[in-house]
């Protein structure tokens, strides 16, 4: 007899033969388990503990002890024997005591008595002469130097510039090339003068327009120096002064 299970759509899912075969397989499985299980030995694996090995380490031998070298005792220096002083064999001279000299005995005869009074003792002293008192006066102070005013300096520069111009003009000579070409002009010289009138430096402050005339002006300064001493207001220091030098041809 077939047993059919109908599904909602009207078809059977499996037949009776299929169910029978399933039951047979189930029974065979139970029989097999009943036969095999009694003979089956369950072995439980247990971890066998490994043996613990203990090694006893021998201690390292101690380092050899280095004994210090024996200290050699210093040699004992025996002190030199003390020499005993030699006994004095010379005989000791006895000390002779001087007998005290006899004191002369003065004749204690009484002085003759006179009726004259005794002469008084006169003490004479030399008169004291007072020495004159010498009074030393301190040396006079040097006069203080009065600094010149700016107006004094300007006047001194103007006066000394005229002196220098006259001294330079004495050595004036016209360059030949300037005469041939008719060159004329005036140059301004910047001179640095010390307190004694010596020229420390000379430069062209303003050119005449011709190099030959400028060089001739410097040559005139060289020939005229040293110049006369500057005025009192310009002494004690170096200073700069401007001096004009003019070059003009006759009839020019």
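Read the figures in this text as sums done on the coordinates, not as results from a lab. Computed from a predicted structure; not experimentally measured. All Cβ positions, glycine included, derive from the backbone under ideal geometry; neighbour counts span all protein chains shown.
A few comments on the model shown:
- Pairwise label distance in nanometres, residue 21 with residue 181, each label 7 Å out on the Cα-Cβ vector: 14.6
- Net length gained if the chain between residue 69 and residue 163 were fully extended (0.36 nm per residue, minus Cα distance): 23.3 nm
- Förster radius 25 Å - calculated FRET efficiency between residue 235 and residue 173, Cβ distance, rounded to 0.05: 0.20
- Two numbers describe the Cα atoms of the range 150-247: Rg and Dmax, which are 13.9, 46 Å.
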